[in-house]
1. Compute a Gaussian network model of chain A, connecting alpha carbons closer than 10 Å, and tell me which residue from A:D126, A:D41, A:D194 fluctuates the most.
2. Return the whole-Å distance between the Cα centroid of region A:168-219 and the Cα centroid of region A:58-84.
3. So between A:D191 and A:R209, what do we pick up on full extension, going 0.36 nm a residue minus the alpha carbon distance?
4. Pull out a ≥ b ≥ c, the square roots of the eigenvalues of the alpha-carbon gyration tensor of chain A, then state rounded if a/c is under 1.5, prolate if not and a/b is larger than b/c, and oblate in the remaining case.
5. Along the Cα→Cβ direction, 7 angstrom out, place labels at A:V113 and A:K131. What is the inter-label distance in nm?
6. Determine the total buried accessible area between chain B and chain A, counting protein heavy atoms only with a 1.4 Å probe; round to the nearest 100 Å².
7. Averaged over its residues, how many other protein chain Cβ atoms are within 10 Å of peptide A:49-59's Cβ atoms?
8. Using a 10 angstrom cutoff on alpha carbons, build the Gaussian network for chain A and name the most mobile of A:P69, A:P201, A:P128.
Amino acid sequence: MRITSLDFGSLLCYCPRPSSTAMQDAYQVMLAIKQDPFGGDPPILMSERIAKAVQENMSSLPFAYFFQPDTVLVPVPKSSLMLPDTLWVPQRIATALARRGVGSQVDSCLVRVKAVRKAASSRASDRPKPKEHFASLSVQRRISGPPPKEILLVDDMITRGSTLLGAANRLAEAFPGTRIRAFGAMTTISDRADFVALSKPLIGSIQYRPSTEDTIRRP
Amino acid sequence: MKRVVIPARHRSRNQAGKFSRRAIDLWSESTINTPHKRNPMEAQIRTLTPLELLGPLNDVERKYAPSTLFSAGPMEIPLPRPRVAIIGSRKASAKGLNTAAHIASVLSKRGVVVVSGLAEGIDTTAHETAMREGGRTIAVLGTPLNRVYPQKNSHLQQEIMTNHLVISQFPVGYPIQPKNFVMRNRTMALISNASIIVEAGETSGSLHQGWEALRLGRPLFIWKSIASDSSLKWPKEMVRFGAVVLTDPKHVLEVLPSSKEISQIVMQI
């Protein structure tokens, strides 16, 4: 693994086992992000809403410096293979961000060539590890021109960060010397006591643990 | 059943360019056995857009969405949620039918609207169980609303029209062709927040719905007994594309939107 520590930022959070109305609302937002429906008044797509929140609050977001004018946004593939024209939420969020001038461009160069188990429907011990993600991903199209200075991986959900770390290492192999960081629309808060609110911008890091070959996310 | 020659304007060919036995049977059963007569039900048919029925659709959802839908029944519009399609083989095994009933019962008791296609087998069991449990059901037809297929489900269709909701994308008088059922399956995937395939062979029409659910990014579940059936290729292929093996109907509830309107919640973002 070339990259053993990956900085990430995220906008929202939710608990997988909600116990309060606020947590239940956050859980419903998590489900909605995965479908990218219209919502709100006036109704806009969820991906647009996330991009709008990032753009409008940029000055106060702790991860604002992730979005440099020349940052290339690379959406993270799903854990499964994808049919043509399939809803690909990270790609839609990345596109919505770039459309608002948050990041320079979207490059969907990272492709899943072999399906891995869904983390959401696997036990913690069975979730794919970074090396499995790395082996199942491929950089299929080089970004035109010189290698980008900055790449920001864009995902919808961040749980332990195994997907992001596998993806970052695959990109680092293709673009040595490029700074790679990650942005997720939402992070999972496993301990309900740590849940404050749906909207909780945070910055942290995903660390590789060689002894267990998995990751730990802080916070 | 009478054998008939399909009029040229109604013909559709399968991939081999031949008229399938099912195509002929479909056309003849629906048309010969139930000649089109204007009845009072037709006056109750509502014409709707997908926007009116489901709310605004994103571009992926719009791709195969019909421009117009027709409905009959007292269920509120836009549709209540959550909605789950329970689908599968017309010639289902006894075990498959029991499974369909179990899933429909669990979901109905928790307020989920059961969606299915009014076909024999799994579909019929899903509709009947939902109603027996005091739940709600939606039938999505591959025929216009004034036709019935299969004919033996005439009473079931009438009961759903009277107390629940029947939907079709085909206007009265639209020719009945096998391809309509493929289109119907896509529409059923669009209408449903999640789909469950209970039992299906390699050529089942339910697979069209499964693939469309995956394309839409909607949860697709495959019941455990067919997922582990080594004689079937499609379950493994669908799992590679994101389908989930279902071992307990309650797991479906974890991925369903609540009945609560999300518009107010997202304003917090």
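The values are calculated or read from the model by the stated rules, or taken from the named source; none is laboratory data. The structure presented is a predicted model; accordingly, all values stated were derived computationally and were not measured. Every residue, glycine as well, gets a Cβ built from its backbone with ideal geometry; the counts of neighbours run over all protein chains shown. Keep in mind that these areas ignore ligands, DNA and RNA; they rest on the heavy atoms of the full protein, side chains included. Shrake-Rupley method; radii C 1.70, N 1.55, O 1.52, S 1.80 Å.
1. A:D41
2. 13
3. Numbers: separation 18, 0.36 × 18 = 6.48 nm, distance 2.10 nm.
Gain on extension, A:D191 to A:R209, equals 4.4 nm.
4. It comes out rounded by the Cα gyration axes.
5. 1.9
6. Details: alone 13140 and 10730 Å², together 21180 Å².
The B and A chains share an interface burying roughly 2700 Å².
7. Other-chain Cβ atoms within 10 Å of each residue's Cβ, averaged: 1.
8. Checking each option, the largest mean-square fluctuation is seen for A:P69.
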